[in-house]
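Enquirer: Shown below is the structure under consideration.
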Amino acid sequence: MTSLHLPPFPITTRPVVSAFPRSTTRARMKLFCCYTPAHEILLKDYFLPTVPQEFKVVATKIDLQGPGDFLSTEFLRCISEKMRLVVQSLEDHRGEVIVWSDIDIQFFDLQSARLVKELGDHDIAFQREGQRVTDINAGFVVCRANEKVCAFFEEVKRRLLQRPEVNEQFVMNELLRKNPQILSWTYLPWPYYARTHGWPPPQNLALYHANATPGKGGVDQKIRQFREVAFLRKYGWLATFVTCIKYIPKRLRRILEERRKP
């Protein structure tokens with residue numbers, strides 16, 4: 001167990017390797033993640049049960065108290081510690097292709113061979129943030145543990161120390177916009193879905209990322225999303241119709257707000 005003391009909130013990190021049976025045919029791709037006590041329910045009930053056995057999960061617990069709502073103090077401190085863990089994982093596994101994932105994700109058809117294909121000759125592949133923006137989403141990343149990727153995350157870590165009020169996704173997008181050649185990167189295709197991509201999600205999901213949970217009660221919001229996805233996949237077009245009706249008022253408000261902008 002490794003302890004990192006950052007006053008006034010001490011953080012303890014504890015790596016936990018998944019207990020999935022070891023594959024006898026080939027080395028499993030490593031899938032890294034971290035979580036706080038508030039998010040442990042997501043890890044145990046939604047994330048780990050859906051990870052395919054061809055992946056070796058390395059989960060690190062970060063002992064920060066609080067609900068961990070988006071952009072809360074403990075959320076931002078967790079992100080800072082996550083960047084240290086990302087850099088360490090890249091240094092420890094040079095030459096490998098690895099995955100870093102948030103734990104507010106469920107997997108439906110995740111395949112290591114397909115991830116390598118999606119990555120192609122690039123250094124790193126990100127989820128998209130949305131359908132009408134060019135931003136990346138930092139919640140699910142597949143990358144090569146090489147010098148460029150390590151330098152990229154070192155820079156993200158350095159900037160977060162200077163600007164503790166922002167998260168890693170903000171910094172990553174800032175870096176990629178200002179210097180898109182900082183490393184070779186690409187987007188993962190739409191089956192690597194997130195709530196910010198819109199509703200309903202496609203049937204051919206590789207994964208579903210329950211993001212877009214502003215305000216208080218973030219964990220409860222994420223669990224409701226997972227339940228809606230399960231409802232959708234079980235009841236098909238009927239569930240699509242019901243859930244789409246539910247979101248119509250929100251869409252209308254968003255459209256009106258966008259039209260009012262100068």
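The values are calculated or read from the model by the stated rules, or taken from the named source; none is laboratory data. Predicted model, so just to flag it, every value in this text is computed and none were measured. Methodologically, a virtual Cβ is constructed for each residue, glycine included, from the backbone with ideal geometry; neighbour enumeration extends over all protein chains shown.
Enquirer: Restricting the first residue to the range 31-52 and requiring it to be more than 22 Å from Glu96 (Cα to Cα), which pairs with a second residue that is among the basic types (Lys, Arg) and assigned to a helix (DSSP H, G or I) meet a Cβ separation below 7 Å and a spacing of at least six or different chains?
Expert: Short answer, once both residue conditions are applied: Leu42/Lys222.
Enquirer: Could you list, in sequence order, the residues of the range 142-185 that are part of a helix (DSSP H, G or I) and more than 16 Å from Lys82 (Cβ to Cβ)?
Expert: Result: Glu147, Lys148, Ala151, Gln162, Asn173, Glu174, Leu175, Leu176, Arg177, Lys178.
Enquirer: Out of (1) closer than 30 Å to Asp220 by Cβ; (2) free of Cβ contacts under 8 Å to residues at least 24 places away in the same chain, what's the single condition that is false for Gln131?
Expert: Only one criterion in (1) closer than 30 Å to Asp220 by Cβ; (2) free of Cβ contacts under 8 Å to residues at least 24 places away in the same chain is unmet by Gln131, namely (2).
Enquirer: Mind checking which residues of the range 227-251 are surrounded by fewer than 18 Cβ atoms within 10 Å (Cβ to Cβ) and within 19 Å of the chain's Cα centre (by Cα)?
Expert: Matches in the range 227-251: Arg227 only.
Enquirer: Looking for something within 30 Å of Trp199 (Cβ to Cβ), among the hydroxyl-bearing types (Ser, Thr, Tyr) and surrounded by fewer than 21 Cβ atoms within 10 Å (Cβ to Cβ) - is there at least one such residue anywhere in the range 129-144?
Expert: Yes, the range 129-144 contains a residue that is within 30 Å of Trp199 (Cβ to Cβ), among the hydroxyl-bearing types (Ser, Thr, Tyr) and surrounded by fewer than 21 Cβ atoms within 10 Å (Cβ to Cβ).
Enquirer: Does Phe20 meet the test of being at pLDDT 95 or above and aromatic (Phe, Trp, Tyr)?
Expert: No; evaluated as a whole, the condition is false for this residue.
Enquirer: May I ask you to verify whether Ile124 is in contact with a His (Cβ under 6 Å, 6 or more places away or on another chain) and either at positive phi or among the β-branched types (Val, Ile, Thr) (or both)?
Expert: Answer is no for this residue.
Enquirer: Scan Lys117, Lys61 and give me the residue that is in a strand (DSSP E or B), modelled with pLDDT of 95 or more and surrounded by fewer than 19 Cβ atoms within 10 Å (Cβ to Cβ).
Expert: After ruling out the rest, the residue left standing is Lys61.
Enquirer: Select from the range 73-107 the residues that are surrounded by 17 or more Cβ atoms within 10 Å (Cβ to Cβ), over 15 Å from the mean Cα position of the chain (by Cα) and hydroxyl-bearing (Ser, Thr, Tyr) and list them in ascending order.
Expert: Ser89
Enquirer: Name the one entry in Pro189, Pro200 that is under 30 Å from Lys44 (Cβ atoms) and touching a Ser or Thr at 6+ places or on another chain (Cβ under 9 Å).
Expert: Pro200 is the lone residue from the list that is under 30 Å from Lys44 (Cβ atoms) and touching a Ser or Thr at 6+ places or on another chain (Cβ under 9 Å).
Enquirer: Counting just the residues of the range 200-221 that are buried (at least 16 other Cβ atoms within 10 Å of the Cβ) and out of contact with any strand residue (DSSP E or B) (no Cβ under 9 Å at 6 or more places or on another chain), which one comes out nearest to Asp109 (Cα to Cα)?
Expert: Top of the filtered list is Pro200.
Enquirer: Pick from Gly130, Gly139: which is under 17 Å from Ala212 (Cα atoms), of a type outside the set (Lys, Arg) and not in a strand (DSSP E or B)?
Expert: From the options Gly130, Gly139, the qualifying one is Gly130.
Enquirer: Could you give me the residue pairs with C-beta distances under 8 Å whose first residue belongs to the range 57-69 and is of a type in the set (D, E, K, R), whose second residue is buried (at least 21 other Cβ atoms within 10 Å of the Cβ) and part of a strand (DSSP E or B) wherever it lies, and which are 6+ apart or on separate chains?
Expert: Final answer for the pair search is Lys61/Cys34; Lys61/Tyr35.
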